[in-house]
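Nothing in this text is a laboratory measurement; each read-out follows from the coordinates by a stated rule. Here the structure is a predicted model, which means the values were calculated and not measured. Please note: Cβ atoms are built from the backbone with ideal geometry, for glycine as well, and neighbour counts cover all protein chains shown.
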Amino acid sequence: MPRIRYELSAHAVTVIAEREIEAAWIERVLERPERTEPDRTDPSLVHALGPVPERGNRVLRVVYNPAMKPLRVVTAYLDRRRRGQT
């Protein structure tokens, strides 16, 4: 299966490094999200959620714009509100 094509916004590059989020985790969640949600304020964005076994199955939330080619990831974070659930 071909890997999903995406690019990171400047903000995403910064916060992913600060939060020690690995690219493989982002790719895994984008390719096989356990759940997706629309953004509450920006209808152009989608939130993909999935567990990260390497971090005790905490939920990684990847926010991206699906209309852009390649997909543009605007941010990603381990969602404390969804600890232990997706």
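I'd like the residue in segment 32-69 that is among the polar types (S, T, N, Q) and surrounded by 13 or more Cβ atoms within 10 Å (Cβ to Cβ) and, out of all such residues, is nearest to ILE21 (Cα to Cα). Even if it seems obvious, please write down each step before you answer.
Within segment 32-69, the first condition is being among the polar types (S, T, N, Q), and the residues that meet it are 36, 41, 44, 57, 65.
Filter once more, so that each one left must be surrounded by 13 or more Cβ atoms within 10 Å (Cβ to Cβ): 36, 44, 57, 65.
Details: THR36: 19, SER44: 24, ASN57: 13, ASN65: 19 Å.
Here the residue is ASN57.
Within segment 16-56, which residues are over 12 Å from the mean Cα position of the chain (by Cα), of a type outside the set (D, E, K, R) and over 14 Å from PRO66 (Cα atoms)?
So in segment 16-56, the residues over 12 Å from the mean Cα position of the chain (by Cα) come out as 17-20, 38-44, 53-56.
If we keep only those that are of a type outside the set (D, E, K, R) too, we end up with 17, 38, 41, 43-44, 53, 56.
Those that are over 12 Å from the mean Cα position of the chain (by Cα), of a type outside the set (D, E, K, R) and over 14 Å from PRO66 (Cα atoms): ALA17, THR41, PRO53, GLY56.
Between a residue in segment 4-26 that is touching a residue at least 40 places away in the same chain (Cβ under 8 Å) and any residue that is part of a loop (DSSP other than H, G, I, E, B) and basic (Lys, Arg), which pairs come within a Cβ distance under 9 Å, given they are 6 or more apart or on different chains?
Once the first residue is touching a residue at least 40 places away in the same chain (Cβ under 8 Å) and sits in segment 4-26, its partners that are part of a loop (DSSP other than H, G, I, E, B) and basic (Lys, Arg) give ARG5/LYS69.
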